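What follows is calculated from the coordinates using simple rules that are stated; it is not laboratory data. Since this is a predicted model, take the numbers as computed values, not measurements. Positions of Cβ are generated from backbone atoms using ideal geometry, with glycine treated the same way; all protein chains shown enter the neighbour counts.
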Amino acid sequence: MASKEHKGEKIHPSKLPEEIRKVSLLSGFRADGKLRSGSYFQLDRSVIFEQVRKRFRGKIEVMSTREALEKYDWVKEYLWRAIPRDLDEYTKEVEKSWDNGYFLRVLPGQRIEFPIQACMFISREGITQNVHNLVVVEEGGELQILTGCATTILRALHVGVSEFYVKRGGKLTFTMIHNWAPKIDVRPRDVAILEEGASFTSNYVSLHPVGTLQLSATVICEGEGSSASLNSLILGREDAKIDIDESVILRGKGSRGEVRLRVVGKDRSEIYTRGREVGEGDGARGHVDCRGLMASSSSRIYSIPRLDGLNRSCELTHEAAVGKIRDRELWYLMSRGLTEEEATSLIIRGYLDPRVLGLPKLIERYVESIVRMIGGAP
Amino acid sequence: MSLRVSDLWVGVDGRDILKGVNLEIKKGERHVLFGPNGAGKSCLVETIMGIPAYKVRKGRIVFDGRDITELPINERARLGIGLAFQNPPELMGVRLGELIRLCGGDEWNLRMAFLGEGFKDRYVNLGFSGGERKRSEIAQLFAMKPRLVLLDEIDSGVDVDSLEAIGRALDDFLSGRSSLIITHQGHILNYLTVDFAHVLIDGRIVRSGEPKEILTEIRRRGFDGIKRA
C-alpha cells in the first residue's frame, strides 16, 4: 500500500494502513474525523479523501484546488495572485508540475468552532510532492485549520505553495504541524492577504527530524485594522538545516503584526530564524520576538530580526535572545530529584510550550500533547 | 545521626568561601544558622545539596552514614535532602503544578503553602512576588517530604501576615525531620522552635549554642561584636 502510486481512488482514512494513520495522527489528523468540521487527505500526489461533516455543509467547502478550479470560475483569479509564480525555483516547479493541494473556504458570516483538518502524506520513496493550496475566508467568516504534513519514508521533496485570502472582518487560525524524516527536504511558500479588520494567526510546529526545511511566509495586512500573528515552535534535531523566514507587511492603517519564533537546537542542527515587520501604513505596529535555546554544543542558531520603518507613524520593536540552558535551572530541577536528562527535557518542553502562542484551547491541547510525546517527558 | 559536615572547605572561582566548617545535625534536630551577608550561609546549604558551582576542596559530608561529598544533586534529593532556595530561578514553560507532581506531590501541597488554585498552571517563579517564590519553595518541599530540610532565607520577602501562617505550617512539617534553617533577621523564629543555633562569619562557624541566647547576642552586639569576641 505504502509504495503503490494512487490513481485517485477514494479511501476512507480509517482504512489506511495503521502506520500511516499513526503518523498522520501525530500531525493532527484524526481518521475518525471527530472534533473536526471537515477533512482533506492527500497521499503522495492523489487526493484520497475529502469531506465536510453534515452539520457544516453549506458553511464550509473542502475539496482539491483542481476541483475548485472546475467548480468556480473565480478561483483562477486567486491562484498565483498572492505569490508570484516565478518567486523562486520551487514556485516555478509547482506551476510546472502540480499535484493537487487543498481548497478550503468558509462562507460569509459563518463561524466554525471545529477545525478543518488536512494532511499531506508522502509514502513513496524519492518522490516530489508539489502542492498548491488555497484558503478563502469570506467576509465575517471564522475558520480554524489544522494541517499536517507527514511521512513514513526516508527521502523526498515536499513543496507547498499556500495562498490565504481573509476578507473583511474574517478570522483565520492556521496551525501547521510538520512531522517529517531526517532526509526529507521541505519548501513551504505561504502568503496571506488580509482585508479590512481581518485577522490571521499562523502557528507552525516542527519537532521531528527533517533534512532541510526552508519556510517562507509573508502576511500582507492590506486592510485598515487588520492583524497578523505568526508563531513558530521549532525543534532542530540530528543534522537538520532549518531556515524560517516570516514577514508581516503592515500596509493598512492601524494594522498590527507579531512574529514569534521559539527554536531549540539539538544534536548538530543548524537553524536560522528571520522575523521581519515592515511598517508602511499610518499607525502600524509590529513586534518580532525570536528566542533560541541551544541544547547541544554542536547546534547552531542564527537569529535575525528585522524592522523596516517606512512610515514615521509606525511603531516597530523586536527582542531576540539565543543561549544555552542555564546551569542553575538544571541544578534546581535536579534538586527536586530529576536526572540531568529529565531536567533538560523538561526545560526544552517548557521552552516549546504552546501556551506562549495563545492558541485556541482545542489546538493548544493538541499541540501540547505532541510536544509532550516528541519532546520527552520525565 | 543524620548529617555530619567535617572540616569543609569550599571554593568558588578559586576563592575559599567556607573555611573548615564542622556541623552535626542529629535525627529530628532543628538548627538555625545566622550570619552577615557574604558569610557563606547559602554556600553551605547549596554544598550540602550538591550544587556544582561550589567546589569542595577539603572535608566530607556524611548523610545517614553515607559519604555524599561526591554524589550528584538528584541522588542527594532521592536520599532525602531537600533545599528551599533563597533565589530560585524562573522556569519559562514549566508549570508549578507539574513540578510539584514531579516532586511526588499534588495540588494539596500548594494549598498547604498558601498558594491558590491558579498557581498550578503558572510558570515556576515567573511573575511571582518574593513571598510567592518562598511559598512555592515550601510547597515543593512539602511534596518531596525530605528527611533533611534546608531552608535558605525562607522568611525574607514574606509579608508579616503570611509569615505567621508559613512559620506555623513549617513548624508542623519539620516535626520528626532534621533541619538547617538560614535566617538573616530571625523573624521566622517567632513561629517555629529550634534546638541549636550557629553563627557563620567569613566561612567559619564562630559560635554555637542555645538559639534565643545567640539571637539576643546578635541583636545586642551585632555580627561584628560576635566576631571580635
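For the peptides B:149-157, A:76-84, the ranking by packing is B:149-157, A:76-84, with the highest mean count of neighbouring Cβ atoms within 10 Å listed first.
For chain B, the pair-distance distribution built from all alpha carbon pairs, in bins 10 Å wide starting at 0, is 8, 34, 37, 19, 2, 0 percent.
Measuring r between the beta carbons of A:Arg312 and B:Glu107 and using R0 = 51 Å, the FRET efficiency lands at 0.45. Peptide B:99-108 has a mean of 2 when you count, residue by residue, the C-beta atoms of other protein chains within 10 Å of its C-beta. Each residue, A:Glu18 and B:Lys26, gets one label point 7 Å from its Cα in the Cβ direction; the gap between the two is 6.3 nm. Mind giving me the FRET efficiency for A:Glu319 and B:Thr193? R0 is 56 Å, r the Cβ-Cβ distance, nearest 0.05 is fine. After rounding, the FRET efficiency stands at 0.70.
Placing a pseudo-label 7 Å from each Cα along the Cα-to-Cβ vector at A:Glu9 and B:Asn87 gives an inter-label distance of 6.9 nm.
Indicate the helices, whole DSSP H runs only, in chain A that combine a mean Kyte-Doolittle hydropathy of 0.5 or more with a Cα extent along their long axis of 24 angstrom or more.
The answer is none, since no helix passes both cut-offs.
Straight-line reach from A:Lys15: taking Cα to Cα under 12 Å and skipping same-chain neighbours fewer than 8 places apart, the aspartates and glutamates in range are A:Asp32.
Of all DSSP beta bridges confined to segment B:73-229, the antiparallel ones make up roughly 45%. Entry note, the protein assembly as shown: the mean residue ellipticity at 222 nm calculated from DSSP H runs of n ≥ 4, each adding -39500 (n - 2.57), is -6500 deg cm²/dmol after division by the residues and rounding to the nearest 500. Using the Karplus relation 6.51 cos²θ - 1.76 cosθ + 1.60 with θ = phi - 60°, the per-residue 3J(HN,Hα) values for segment B:221-229 come to 10, x, 5, 4, x, 5, 4, 5, 5 Hz, with x marking Gly and Pro. Fully extending the segment from A:Arg85 to A:Arg300, taken as 0.36 nm per residue of separation minus the present Cα-Cα distance, adds 74.1 nm.
Across all directions, the average projected area of the convex hull around the alpha carbons of the protein assembly as shown is 31.3 nm².
Annotation for segment B:159-181 versus segment A:253-287: alpha-carbon center distance of 48 Å.
Partner shielding of B:82-90 amounts to 3, given as the average count of beta-carbon atoms from other chains within 10 Å of each residue beta-carbon. Past 24 Å, Cα to Cα: identify those pairs from A:Lys324/B:Lys41; A:Lys76/A:Lys183; A:Lys34/A:Lys71; A:Lys54/A:Lys171, in the order given. From A:Lys324/B:Lys41; A:Lys76/A:Lys183; A:Lys34/A:Lys71; A:Lys54/A:Lys171, over 24 Å: A:Lys324/B:Lys41; A:Lys76/A:Lys183; A:Lys34/A:Lys71. For B:Gly97, neighbours were defined as the other residues whose beta-carbon sits under 9 Å from its Cβ, and their charges (Lys and Arg +1, Asp and Glu -1) total 0.
Estimated at 0.36 nm per residue, the fully extended path between A:Tyr72 and A:Glu340 surpasses their Cα-Cα distance by 90.7 nm. The Cβ shell under 14 Å around B:Glu24 holds other residues with a net charge of +1, Lys and Arg each +1, Asp and Glu each -1. Fully extending the segment from B:Ser6 to B:Asp172, taken as 0.36 nm per residue of separation minus the present Cα-Cα distance, adds 56.8 nm. Here's the picture: charge each Lys and Arg Cβ at +1 and each Asp and Glu Cβ at -1 in chain A, and of A:Gly33, A:Thr317, A:Cys290 the one pushed furthest to the positive end of that dipole is A:Gly33. Across peptide A:341-354, the average count of Cβ atoms from other chains found within 10 Å of a residue's Cβ is 3.
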